[in-house]
1. Give me the pairs, please: first residue somewhere in region B:63-86 and in contact (Cβ under 8 Å) with a residue 24 or more places away in the chain and within 15 Å of B:His201 (Cβ to Cβ), second residue anywhere and basic (Lys, Arg) and outside any helix (DSSP H, G or I), beta-carbon distance under 9 Å, and either six or more positions apart or on two chains.
2. Check B:Glu55 against each of (1) buried (at least 23 other Cβ atoms within 10 Å of the Cβ); (2) out of contact with any helix residue (DSSP H, G or I) (no Cβ under 8 Å at 6 or more places or on another chain) and name the one condition it does not meet.
3. Would you point out the residue of region B:174-186, among those that are touching a Ser or Thr at 6+ places or on another chain (Cβ under 6 Å) and more than 11 Å from chain A (Cβ to nearest Cβ), that is nearest to ligand 2 (Cβ to nearest atom)?
4. So, in region A:49-75, how many residues would count as being touching an Asp or Glu at 6+ places or on another chain (Cβ under 7 Å) and under 17 Å from B:Ala206 (Cα atoms)?
5. Can you report the number of residues in region B:13-50 which are away from ligand 1 (no atom under 16 Å from the Cβ) and in a helix (DSSP H, G or I)?
6. For region B:158-258, which fully contained strands (runs of 3 or more DSSP E) count at least 1 residues that are hydrophobic (A, V, I, L, M, F, W, C), crowded, with 19+ Cβ neighbours inside 10 Å and modelled with pLDDT of 95 or more?
7. Quick one: in region A:24-39, of everything that is touching a residue at least 24 places away in the same chain (Cβ under 8 Å) and either of a type in the set (S, T, N, Q) or over 15 Å from B:Gln74 (Cβ atoms) (or both), which residue is farthest from the other protein chains (Cβ to nearest Cβ)?
8. Filter region B:5-18 down to residues that are more than 15 Å from ligand 2 (Cβ to nearest atom), within 19 Å of A:Ala83 (Cβ to Cβ) and either at the interface with another protein chain (Cβ under 8 Å from one of its Cβ atoms) or modelled with pLDDT under 95 (or both), then give me how many there are.
Amino acid sequence: MTHHRDIGAGPPDEYVEAEIQRLLVEDPAVAEQGITVVRRERALVLYGEVESPHRREEILRLVSERFPDVPVTSDIGVIRAQAPTEIEQLP
Amino acid sequence: MVIRIAAVGDVHLDEDVVGRFRPALEELPECADVLLLAGDLTRHGTEAEARCVAEEFGGLAVPVVTVLGNHDHQCDQVPQVVKVLEDAGITVLEGNGVVLDCAGGRLGIAGVKGFGGGFAGRCASDFGEPEMKAFVRTTTDSADRLGAALRSLDCDMLVALTHYSPVPDTLAGEPLEIYPFLGSYQLGQAIDSAPTALAVHGHAHAGTERGTTPGGVRVRNVAHPVIKQAYSVFHVGDQLDTDQVSPIGQSGSQRSWS
Ligand SMILES: [Fe+2]
Ligand SMILES: [Fe+2]
C-alpha cells in the first residue's frame with residue numbers, strides 16, 4: 001500500500017471521497033448513485049435523495065463502518081411520493 | 001385531441017419501498033390515460049425486486065408501459081425481470097412500440113433503455129480499442145432501434161420512452177464530467193427522425209425536468225428524485241384552451257380534474 005502522507009494522517013480526503021462514492025454504488029446493500037460526498041473541514045457530509053428511511057440508515061452505517069475514524073454527517077432526504085398537485089400542458 | 005400521460009422513472013424499488021407510491025397510483029384513472037415508467041424500476045435487477053415492482057405498479061386501472069434501466073441489468077436477470085413485469089400486465093419496451101387507444105386518440109409509445117456516449121462535440125467515437133467501439137456501437141444500435149420503432153407506429157400521437165437522456169438540457173445539475181454516462185445525442189437524433197410529440201427519460205437523478213431536442217421535441221426528465229412526487233402528468237394535444245397553456249419555463253398549471 002502506498003502512503004501519500006505521514007502515517008497516522010489517514011488517506012488524503014479525495015481518495016476517501018472517491019472510495020465512499022464507489023462503496024455506495026457497488027455495495028449490494030446500498031447501490032445508490034445519487035449520493036454526493038462533500039468535505040467540510042475535517043468531516044464529510046453526505047447529500048442526496050433516497051427512496052426510504054431504511055436506505056438512509058444503511059448508507060450512514062456502511063460509511064461509518066468502512067471509515068470509523070472519519071466523522072460523517074448526513075443530509076440525505078427521503079423523496080416525497082405524493083400525487084402531483086399540478087399538471088403540465090404541452091401543445 | 002388531448003392525451004393525458006403520467007410518468008415517473010428511477011423508483012428503484014425493493015421491499016422497503018413497497019406501498020409508498022400506491023396511494024398516489026390509485027388516483028391515476030382520474031388524471032391519466034397511461035403511466036410510463038422510465039427505467040431503474042429496481043435497485044439491482046433481481047427477480048425478487050421485480051416482484052416488488054409488480055406489486056406496486058401492477059393491477060392499476062390504466063395501462064403501464066416501461067423500459068428497463070441500467071440498475072435493472074445489474075444482476076443479469078433481465079429475462080426473469082421482464083417476465084415478472086409482463087405477468088403483472090406491465091408492457092416492457094426495448095426497441096419496439098405499442099399503440100394504446102385513449103379517449104383523445106391513438107397513443108403510440110416507442111421505447112429503448114438507450115445508453116451513454118455524450119452529446120454533440122463532446123462525445124465518444126466509434127474508434128480505437130474494441131471496448132470503446134463496443135460502447136459507442138451499443139449506443140448507436142439502441143438509437144437506431146428507437147428511431148425504427150418510432151417511425152413504424154401508426155398512431156395519432158407519438159411518445160418516446162428511454163432511460164438514458166436524449167439531450168444535455170435535462171442533465172443540468174449533474175457534473176459535466178459524467179454527461180457521457182447519462183445519455184447520448186444519437187437518441188435525440190432518433191426522436192427527431194419521427195413526428196414525436198414528447199420524449200420522456202430518467203437516469204439523471206440530479207438533473208432538471210425540461211429540455212428540447214435540436215428538432216424541437218419536448219423532453220422531460222421524470223426521474224423520481226427530480227420530480228419529487230409519485231409521477232408527473234402531461235396533457236399533450238393540439239386543441240388546448242389558450243388559458244390552459246403554460247408557457248415554457250413555468251412549472252405548469254393547476255390540475256384541471258380535481
Ligand atoms: Fe436511477
Ligand atoms: Fe439509471
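The values are calculated or read from the model by the stated rules, or taken from the named source; none is laboratory data. The shown structure was predicted, so the numbers you read here are calculated from the model rather than taken from an experiment. Neighbour counts are summed over all protein chains in view; Cβ atoms, including those assigned to glycine, are modelled from backbone coordinates with ideal geometry.
1. B:Val67/B:Lys113; B:Leu68/B:Lys113; B:Gly69/B:Lys113; B:Asn70/B:Lys113; B:His71/B:Arg43; B:Asp72/B:Lys113
2. Evaluating B:Glu55 over (1) buried (at least 23 other Cβ atoms within 10 Å of the Cβ); (2) out of contact with any helix residue (DSSP H, G or I) (no Cβ under 8 Å at 6 or more places or on another chain) leaves (1) as the failure.
3. First, pick out the residues of region B:174-186 that are touching a Ser or Thr at 6+ places or on another chain (Cβ under 6 Å): B:182-184, B:186.
Now drop any that are not more than 11 Å from chain A (Cβ to nearest Cβ), which leaves B:183-184, B:186.
Numbers: B:Gly183: 10, B:Ser184: 14, B:Gln186: 18 Å.
Looking at residues that are touching a Ser or Thr at 6+ places or on another chain (Cβ under 6 Å) and more than 11 Å from chain A (Cβ to nearest Cβ), I get B:Gly183.
4. Result for region A:49-75: 1.
5. 10
6. Output list reads B:198-201, B:218-221, B:232-237.
7. So in region A:24-39, the residues touching a residue at least 24 places away in the same chain (Cβ under 8 Å) come out as A:24, A:27, A:29-30, A:32, A:35, A:39.
Narrowing the set further to residues that are either of a type in the set (S, T, N, Q) or over 15 Å from B:Gln74 (Cβ atoms) (or both) leaves A:35, A:39.
Working: A:Ile35: 10, A:Arg39: 16 Å.
Only one residue tops the list, namely A:Arg39.
8. 1
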